[in-house]
1. So how do 196-204, 62-70 stack up, highest first, on mean other-Cβ count within 10 Å?
2. On a 0 to 90° scale, report how tilted helix 78-88 is relative to the longest principal axis of the chain, with both axes built from alpha carbons and the result rounded to the nearest 10.
3. Of the listed peptides 41-50, 122-131, what is their order by residue-averaged count of other C-beta atoms within 10 Å, with the highest listed first?
4. With angles folded into 0 to 90 degrees, how steeply does helix 214-228 sit against the dominant principal axis of the chain? Use alpha carbons for both and round to 10.
5. How far is helix 124-135 tilted off the main Cα axis of the chain, in degrees rounded to 10, range 0 to 90?
6. In deg cm²/dmol, rounded to 500, what helix-only [θ] at 222 nm does the chain give when every DSSP H run of at least 4 residues adds -39500 (n - 2.57) and the total is split over its residues?
7. Could you tell me what percent of the DSSP beta bridges with both partners in the chain are antiparallel, to the nearest 5?
8. For the chain, count all C-alpha to C-alpha pairs, find those more than 31 Å apart, and express that count as a whole percent of the total.
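Where a number appears in this text, it was derived from the coordinates with a stated rule and is not lab data. Quick caveat: nothing in here was measured; it's all calculated off a predicted structure. Quick reminder, even Gly has a Cβ in these numbers, built from the backbone with ideal geometry, and neighbours come from all protein chains shown.
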Amino acid sequence: MRVTEREWYVVTKRNSPAKILIVDDHPLVREGLALRISLHSDLEVCGEAETEDEALALVKQTNPNLVLVDISLKSGHGIDLIKGIRSLDPAIKMLVISGFQESLYAERAFRAGALGYLNKQESNEKVIAAIRTVLAGERFLSPEVTRRLVEQALGASDASKTPIERLTDRELEIFRMIGEGLRTSAIAERLFLSTHTIDTHRENIKRKLAVSNAAELSRAAVQWLLENG
């Protein structure tokens, strides 16, 4: 008889705690999550990372059952990390815990391979509930995200998306970096892309946001970053 992921988790957690890797660029956030997790005997933190490269290295070293991923990292990006972990080992579960709005990143995270999305402001109980739900191989998402995903499946979600939400994952990442004041050459270096590729993305972003020049694009990016963190 085939054992489901939930049945596997129920049996496994009785014998050894699930290993959890925390990836966040803020030490206090990592410390807080580690403390919450340490209060539960069926869960243990097997490592912490603040960059995409550190996280991928620790995934290979520790073979975690679950990775908690922030969207904004000290180096790299949470969505790219999710894709990287998925390519390394599809069996590893991923839960995003972020300060960014669900409407902007939850769908992107799910498409990349995450099973859950949670805001950093949620209670300890909800964080642990989300961790256990994802460990059991089930999705953890809010009613709002559920509604949006259903609309998307029915082909009715594009009309309700804002211009920012229509940006691709890469375009949104570049838009955020523009808001941080990075020039094209610096963005290209950080993303390991050519300046020509970055310029092409910038033109696509301007078109989608209906801005006519670089100055307007920079103002829009700075304003968005101030409002969304």
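1. The most tightly packed comes first, giving 62-70, 196-204.
2. 50
3. Per-residue Cβ counts within 10 Å, averaged per peptide and sorted highest first, yield 41-50, 122-131.
4. The angle comes out near 30 degrees.
5. 80
6. Result for the chain, helices only: -17000 deg cm²/dmol.
7. Within the chain, antiparallel bridges account for around 5 percent of the total.
8. Value for the chain: 25 percent of Cα pairs lie more than 31 Å apart.
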